1. Condition check: of a type in the set (A, V, I, L, M, F, W, C), under 30 Å from residue 92 (Cα atoms) and surrounded by fewer than 14 Cβ atoms within 10 Å (Cβ to Cβ). Does residue 11 satisfy that?
2. Out of 78, 23, 38, 94, I need the residue that is aliphatic (A, V, I, L, M), without any contact (Cβ under 8 Å) to a residue 40 or more places away in the chain and in contact with an Asp or Glu (Cβ under 7 Å, 6 or more places away or on another chain). Which one?
3. State yes or no: is residue 61 more than 30 Å from residue 7 (Cα to Cα), touching a Ser or Thr at 6+ places or on another chain (Cβ under 7 Å) and surrounded by 11 or more Cβ atoms within 10 Å (Cβ to Cβ)?
4. Hey, can you tell me all the residues within region 58-78 that are out of contact with any strand residue (DSSP E or B) (no Cβ under 9 Å at 6 or more places or on another chain), assigned to a helix (DSSP H, G or I) and of a type in the set (D, E, K, R)?
Amino acid sequence: MPGVGKLLKQAQKMQHQMEALQAQLETKEIDVTAGGGAVAIKISCSGKFLALKLDPEFLKEEPKLIEETLLLAMQDAAKQAKTAYDGEMQKVTAAFQMPGFM
């Protein structure tokens, strides 16, 4: 079956592209702020948290407000990283089409 060999080559090519893209996304950074800039988070597109900065004035607020703001900032950062990651991966996988499955 000549089609199977071609399909395997496509799969290997896609795997190499995905590995290269994953390495690239590890170094691509997203900056997220919350609470009017009181919280700043830096996250890689692969989802690794890289930095957290808090405005010292913000720490004088009620603990509940601080907790909620931090949680929302972290959730937003994780969501943005996942969206960026998924979008880039979709570009690689869109080129790979298996007959009968799409």
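Values in this text are rule-based calculations from the coordinates and carry no lab data. What you see is a predicted model, and the numbers here were worked out from it, not measured in a lab. So basically every Cβ, Gly included, is an ideal-geometry build from the backbone, and we count neighbours across all protein chains shown.
1. Numbers: of a type in the set (A, V, I, L, M, F, W, C): yes; under 30 Å from residue 92 (Cα atoms): yes; surrounded by fewer than 14 Cβ atoms within 10 Å (Cβ to Cβ): yes.
So residue 11 fits the description; yes.
2. Working: 78 fails: in contact with an Asp or Glu (Cβ under 7 Å, 6 or more places away or on another chain); 23 fails: in contact with an Asp or Glu (Cβ under 7 Å, 6 or more places away or on another chain); 94 fails: in contact with an Asp or Glu (Cβ under 7 Å, 6 or more places away or on another chain).
Step by step, each of 78, 23, 38, 94 is checked, and only 38 is aliphatic (A, V, I, L, M), without any contact (Cβ under 8 Å) to a residue 40 or more places away in the chain and in contact with an Asp or Glu (Cβ under 7 Å, 6 or more places away or on another chain).
3. On the way: more than 30 Å from residue 7 (Cα to Cα): yes; touching a Ser or Thr at 6+ places or on another chain (Cβ under 7 Å): no; surrounded by 11 or more Cβ atoms within 10 Å (Cβ to Cβ): yes.
Taking the combined requirement at face value, the residue does not satisfy it.
4. As a first pass, look at region 58-78 and keep what is out of contact with any strand residue (DSSP E or B) (no Cβ under 9 Å at 6 or more places or on another chain): 59-65, 67-68, 71, 75.
From what is left, the residues that are assigned to a helix (DSSP H, G or I) are 59-60, 63-65, 67-68, 71, 75.
Correct list: 60, 64, 67, 68.
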